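Quick one: structure below, then a few questions.
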Amino acid sequence: PLYQKATYLKSVPTLALCPDNLTHEVAFAGRSNAGKSSALNVITSQKTLARTSKTPGRTQLINFFTLDDHRALVDLPGYGFAKVNVKIKRAWEAGLSEYIEKSPSLKGLILLVDSRMPPTEIDLMMLNWTQELNLPVHILLTKSDKLKKGPAKANLLKLRKLLKEEYPHASAQLFSSLKREGLIEVWNKLDEWMEY
Ligand code: GDP
């Protein structure tokens with residue numbers, strides 16, 4: 001199980017400081033509170049992995065967790081940034097944009113979206129942007145345990161319809177960290193992107 005080997009490597013502000021030995025990276029992004037840390041912990045079967053990237057000073061950085069010598073999961077800063085001032089926000093957006101646009105080993109983006117809410121404007125912006133970049137996206141509709149089966153499925157189908165029509169580079173699934181639902185599906189997607 002590759003993902004259980006995830007080990008914190010480092011946190012950097014810009015592409016220039018990213019590790020240069022990696023050939024396969026999958027990044028995780030989403031609005032703050034969407035459930036990104038919980039998902040990363042469950043996916044890697046580690047209770048506190050993502051706490052590392054939530055420690056003060058690291059929440060706005062690009063956090064690397066290596067799986068082996070050439071592959072890593074990358075925890076990107078959550079967006080929403082109500083508490084960050086405009087100057088800091090711009091600087092980090094620049095660092096983050098540069099990473100997503102230019103990292104040669106970035107194979108895909110896991111986008112976390114709360115299953116109870118429609119995708120936010122920033123989520124849609126991420127979809128538009130990744131489409132231009134030809135970067136595959138897989139959306140986890142998180143906290144699916146908070147919805148009944150019917151409405152959860154309805155939200156998924158609605159999103160899949162939107163993706164099929166407008167964002168064919170993206171796929172989607174339901175996910176619950178609490179119930180460990182959707183784990184195999186997300187592992188399969190990661191395997192696809194992480195294959196040498
Ligand atoms: P992040 O800010 O995106 O990293 O989000 P967190 O992983 O810290 O989760 C935000 C909040 O949602 C926390 O209170 C979590 O306990 C809760 N949460 C995360 N995932 C789930 C889930 O699958 N089910 C439920 N019911 N709550 C969740």
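Which pairs have Cβ atoms under 7 Å, sit 6 or more apart or on different chains, and link a residue in segment 150-169 that is on the phi < 0 side of the Ramachandran plot to one that is in a helix (DSSP H, G or I)?
Close Cβ pairs satisfying both conditions: A152/S144; Y167/L127; Y167/Q131; H169/T130; H169/Q131.
I've got another one for you. Taking the conditions exactly as written (basic (K, R), free of Cβ contacts under 8 Å to residues at least 24 places away in the same chain, surrounded by fewer than 17 Cβ atoms within 10 Å (Cβ to Cβ) and near the ligand (Cβ under 10 Å from one of its atoms)), does K54 satisfy them or not? Spell out how you get there, then give the answer.
Values: basic (K, R): yes; free of Cβ contacts under 8 Å to residues at least 24 places away in the same chain: yes; surrounded by fewer than 17 Cβ atoms within 10 Å (Cβ to Cβ): yes; near the ligand (Cβ under 10 Å from one of its atoms): yes.
Considered against the rule, which asks whether it is basic (K, R), free of Cβ contacts under 8 Å to residues at least 24 places away in the same chain, surrounded by fewer than 17 Cβ atoms within 10 Å (Cβ to Cβ) and near the ligand (Cβ under 10 Å from one of its atoms), K54 comes out as yes.
Another question, then. Among the residues of segment 39-51, write down those that are over 15 Å from K10 (Cα atoms) and either more than 9 Å from the ligand (Cβ to nearest atom) or out of contact with any strand residue (DSSP E or B) (no Cβ under 8 Å at 6 or more places or on another chain) (or both). Break it down stepwise before answering.
Taking segment 39-51 first, the residues over 15 Å from K10 (Cα atoms) are 39-48.
N41, V42, I43, T44, S45, Q46, K47, T48 - these are the residues of segment 39-51 that are over 15 Å from K10 (Cα atoms) and either more than 9 Å from the ligand (Cβ to nearest atom) or out of contact with any strand residue (DSSP E or B) (no Cβ under 8 Å at 6 or more places or on another chain) (or both).
If you take the residues in segment 123-153 that are outside any strand (DSSP E or B) and within 13 Å of the ligand (Cβ to nearest atom), which one is modelled with the lowest pLDDT?
First, the residues of segment 123-153 that are outside any strand (DSSP E or B): 123-136, 143-153.
Applying the additional criterion that residues be within 13 Å of the ligand (Cβ to nearest atom) yields 123, 143-147, 152.
On the way: D123: 91, K143: 98, S144: 98, D145: 98, K146: 98, L147: 98, A152: 98.
Filtering first and then ranking leaves D123.
Could I ask something else about it? For segment 154-164, state whether one or more residues are more than 24 Å from F65 (Cβ to Cβ), crowded, with 20+ Cβ neighbours inside 10 Å and away from the ligand (no atom under 16 Å from the Cβ). Spell out the reasoning first.
First pass over segment 154-164, keeping only residues more than 24 Å from F65 (Cβ to Cβ): 154-164.
Add one more test, that the residue is crowded, with 20+ Cβ neighbours inside 10 Å, and what stays is 155, 159.
Checking the rest, the ones that are also away from the ligand (no atom under 16 Å from the Cβ) come to 159.
Yes, segment 154-164 has at least one match.
What's the number of the condition L159 fails, among (1) within 15 Å of the chain's Cα centre (by Cα); (2) more than 16 Å from F28 (Cα to Cα)?
(1)
The values are calculated or read from the model by the stated rules, or taken from the named source; none is laboratory data. Since the structure is predicted, the reported quantities are computational estimates derived from the model, not experimental observations. Using ideal geometry, Cβ is built from the backbone for each residue, glycine included, and neighbour counts are taken over all protein chains shown.
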